[in-house]
Structures are given as structure tokens and as C-alpha cells.
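The values are calculated or read from the model by the stated rules, or taken from the named source; none is laboratory data. Please read all numbers here as calculations on a predicted model, not as lab measurements. For neighbour counting, all protein chains shown are included, and Cβ atoms are generated from backbone atoms with ideal geometry for every residue, glycine included.
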Amino acid sequence: MRRSYVLNSIVAVAVLMFASAIASAQVGQLRGSVKMVGADSKEAPVTNAVIDVWRTDISGEYHTKTDKKGEWIFAGLPYTGVYVVSVSAPGASPASKAGVKAGREIPVDLVLVAGDGKKFTKEEAASGAGGGAPTSNGGGGDAVDKAKQAELAKKNEEIMATNKKIDNANQVIGDAFKAGNAALLAKNYDEAIKQYDVGLAADPEHPGVPSLLTNKSSALRSRAVDKFNAAIQDKDEAARNAGLEVAKADFKAAAEAANQAVELLKKQPAATDAAEQKQQTTNKYFALLTRAEAMRFFVTKVDPTKADEGITAYQEYMAVETDAAKKQRAQLDMAQMLLDSGAADKSIVEFKKILDAQPDNIDALYGMGVSEISVGYAANDKAKLQEGVNYLQQFVDKAPDTHRYKSEAKATLTELKNTESVVPEKGNKPGTRKRP
């Protein structure tokens, strides 16, 4: 009853994923606050301060005002854009901050000092005329203002350093995506995994990390399939066993990467922008799909005790799958995963769900038959063996001769007839037979 066969690897899923992987960081938030230094040298929030944001790499501008807390926010700004933020308010000198990026969760906090209420133009703001540090108030010799200038200048230097680090990480991650995806399409899995690891090392907290992990899982799974197939065909036992262990390590790593991607996506705050919401949904879909596939191999080839985690992975994927045919395929794959991992009692439950909806599903008939027979043998239960034989006979009757398991099913029926004296019952559908 045990089957040994060459595994098939599906790279198309990973290919479809690339667009979402690269787009996972297309938009992000830009936020900040505005305070003003009063006569008492204390800072207080500024309500209705004018916020002008200009994009400096290409044309684009955005405008808003601060709320009662002196805070402001833009949701869904292009992630790759470079911006200058200018702040102005009545009775204050303007301030600005250049080289700003969206989606980094680094607020643009500016402090104003008393002034004439002037607004910067885009050119003035970008030139660093404001810089985010207040100018001297009045005579220019006030020690408090100088201290504040020094403090804000230090803060701006830190922000600039952080922004530079982010820019470098973005470049590295972007290049890693491009190189990794090209290698994966070319089935150069070693290179793909190497490139994805470069991206992951650049910034573990980058919003593109879940998609990097999702693609890495696909590459690991595909490499594991190749290694597994090569190993089972090796005639040298020692080499075969060594090859299988290497494949198992990749199957395990693929499952770990996919699980990590899903968990990170679950922790991401819900997007408010419609385009960003759509992108989050897409990223989650591909991560859940990839995890289900990774867990199927991990459970059946590495650790059968993780069958329940495999069930969860499939159930969460099927919950977001809108294509009926793909959902049915996933239901069948989950049931087969349970059977292949030795959990025949659980596979019976899942195959029955499929047959309740599709009584003529030949793959489910075969799986149900094998599951019932496996349980029957284990429990020495003739009734279970009979149920399994009945299902297998239905499969043989309905399956085309080209079906890969038809000859095996016939052989099993003959074996059970000769060794257990169990033969298919005529005119009696499986599941309806009255047991003694």
C-alpha cells in the first residue's frame, strides 16, 4: 500500500508572487508633529499649522494641516519617493526637512520659533533654508535658543543618518528582489536563496521582509524537491540517505520561512488606503498559499507529528481563496497530506467532506479507499476494510485507464480478496452499508 513517487515542484506560484513581493512596499505613511517654542522656552503643539510636502525626485505635492495635538499624517504616499516637508504657521518662522522617505515609521517632528508667518516655496524648503531648526529669536544671542538649535541640529543629523541607512537598505533589498526572482525563474535555486538572504540581512524590519520570506520559501521548496527526486533514484544507499537528509533540511527551512512570513503579515497594521489594502490582501494570499504548500511537504517528508499545523495552514489558505477549483484542489491536497503522513483517521474525515460535495471525485474515492483500508489493517477491522474496498472499486469503475493509481488500486483489490477474503459489495455504496 505504500507508494514511492517523484515529487513535482510548482514554480508558477512563486512567479505570480513576484509582483506582490516587489509591490509590498509601494506605499507607506508619512507623519509628524509641529511644536512651537514659547516665551517661557517651553514647546507646545501647534494647531492648524500648514504642512506642505513636495516630492523632489519627480513631480508631486501633498498638503494638509495639523490637528489639535499638533500632529499630521499622510497615508499611502509612494514608498520610493523622496520628499521635502515644510511647516508654517501664523506668528512663526517656517521650518523644513528634506530627504524624507515614506513608510519608515520615522516621524518628521519640527519645532518652530516666533516669526512673521512666512511660507517656504518648494525650492526654499528643499535648499535647507529651514532645516527643521529654529532661527534665533530677536537679538540672536539668547542661550536658550542656541541650546535648542544645537539639540534640534543633533536630532536632524540622527534622522539624516537613519534616512541614509534606510536608503541603502532599500537599494540592497530592491536589488535582492530583482536578482532573486530572476534566479528563481531560471531555476537557479541556490542563487535565489542567496539573494533573498542578502535582502533579509539588509533590514529585518523592512516592510518587504514577508514577501522576501515567501519567495525564499518557494525557492527552498523547489530545491528540496529536486534534491529529493535525485536522492530516491540514487542506487547507493548511503548517498541516497544523505541526499534525503539534505532535502529534508530544505523542506523544514521552507516551512519555517513561510510561517514567519504569515506571522509578520498578521502583525502588520491594517491599511487605510484602498490601494494599500488591496496590496496587503494580495501579499497575504500568496504567503498563505506558499505556506500551505510548504507545510504539505514538511508534514509528509519530515515531521508527520505536525499534521495539525498543516491542517491549519490549508484552512487559512482556503479561507482567502476565491477560486472554487483551487479551493477544491487544496481540500484534496490537505486530505492527501494527512493520508501520506500516516494520519489515515483524519484523512477519512477530509475525504468524506469532498465526497459529500462531489460523490464522483475519483481522486477522493481513491484516497478514501486507501484511508479506510489503512485504518482497517491497523485496527484489524473487517468493516473498515470492506468500506475501503467498496470505495476502491468505485474508483476503478470511474477512473480512466490512464489514471496513475488505477493499476495499483486493482492490485490492492486482488490482494485483499486473496488475503482477507474481502471483495467489493455489489449495489452497495460506501458509507451506507449496515455493519454487523
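When you go through Glu105, Glu123 one by one, which is the residue that is among the acidic types (Asp, Glu), assigned to a helix (DSSP H, G or I) and either at pLDDT 65 or above or touching a strand residue (DSSP E or B) at 6+ places or on another chain (Cβ under 9 Å) (or both)? Just one listed residue meets the conditions, Glu123.
Listed conditions (1) at pLDDT 90 or above; (2) under 30 Å from Ser222 (Cβ atoms) are all met by Leu110, apart from (2). For the stretch 348-365, a residue qualifies if it is closer than 11 Å to Ala335 by Cβ, out of contact with any Gly (no Cβ under 6 Å at 6 or more places or on another chain) and assigned to a helix (DSSP H, G or I), and the qualifying residues are Ile348, Val349, Glu350, Lys352, Lys353, Ile354, Leu355, Asp363, Ala364.
Hey, can you tell me all the residues within the stretch 272-303 that are in contact with a strand residue (DSSP E or B) (Cβ under 8 Å, 6 or more places away or on another chain) and not polar (S, T, N, Q)? Of everything in the stretch 272-303, those that are in contact with a strand residue (DSSP E or B) (Cβ under 8 Å, 6 or more places away or on another chain) and not polar (S, T, N, Q) turn out to be Asp273, Ala275, Glu276. Limited to the stretch 224-237, what total is found for residues that are surrounded by fewer than 24 Cβ atoms within 10 Å (Cβ to Cβ) and closer than 20 Å to Arg296 by Cα? Residues flagged as surrounded by fewer than 24 Cβ atoms within 10 Å (Cβ to Cβ) and closer than 20 Å to Arg296 by Cα within the stretch 224-237 amount to 8. Residue pairs whose Cβ atoms lie under 6 Å apart, sitting 6 or more positions apart in sequence or on different chains, and linking a residue in the stretch 223-242 that is free of Cβ contacts under 8 Å to residues at least 24 places away in the same chain to a partner that is of a type in the set (D, E, K, R) and outside any helix (DSSP H, G or I), are Arg240/Asp234. I'd like to know if the stretch 187-206 contains one or more residues that are closer than 26 Å to Gln280 by Cβ, acidic (Asp, Glu) and in a helix (DSSP H, G or I). There is at least one residue in the stretch 187-206 that is closer than 26 Å to Gln280 by Cβ, acidic (Asp, Glu) and in a helix (DSSP H, G or I). Can you find even one residue in the stretch 292-313 that is in contact with a helix residue (DSSP H, G or I) (Cβ under 7 Å, 6 or more places away or on another chain), farther than 24 Å from Ala249 by Cα and hydrophobic (A, V, I, L, M, F, W, C)? No. In the set (1) in contact with a Leu (Cβ under 7 Å, 6 or more places away or on another chain); (2) farther than 30 Å from Phe286 by Cβ, Gln386 fails one condition alone, (1). Being touching a residue at least 40 places away in the same chain (Cβ under 8 Å), surrounded by 21 or more Cβ atoms within 10 Å (Cβ to Cβ) and in contact with a Pro (Cβ under 6 Å, 6 or more places away or on another chain), is that true of even one residue in the stretch 372-382? No, because not a single residue in the stretch 372-382 is touching a residue at least 40 places away in the same chain (Cβ under 8 Å), surrounded by 21 or more Cβ atoms within 10 Å (Cβ to Cβ) and in contact with a Pro (Cβ under 6 Å, 6 or more places away or on another chain). Could we say that Thr322 is outside any helix (DSSP H, G or I), out of contact with any Lys or Arg (no Cβ under 9 Å at 6 or more places or on another chain) and without any contact (Cβ under 8 Å) to a residue 12 or more places away in the chain here? So Thr322 passes the test. Every condition in (1) at pLDDT 80 or above; (2) of a type in the set (Ser, Thr, Tyr); (3) in contact with a Phe, Trp or Tyr (Cβ under 9 Å, 6 or more places away or on another chain) holds for Thr47 except the one numbered (3). Within the stretch 82-100, if we keep just the residues that are surrounded by fewer than 20 Cβ atoms within 10 Å (Cβ to Cβ) and either in the same structural domain as Gly208 (by TED's automatic domain parsing) or under 33 Å from the mean Cα position of the chain (by Cα) (or both), the residue that is nearest to Gln279 (Cα to Cα) turns out to be Val82.
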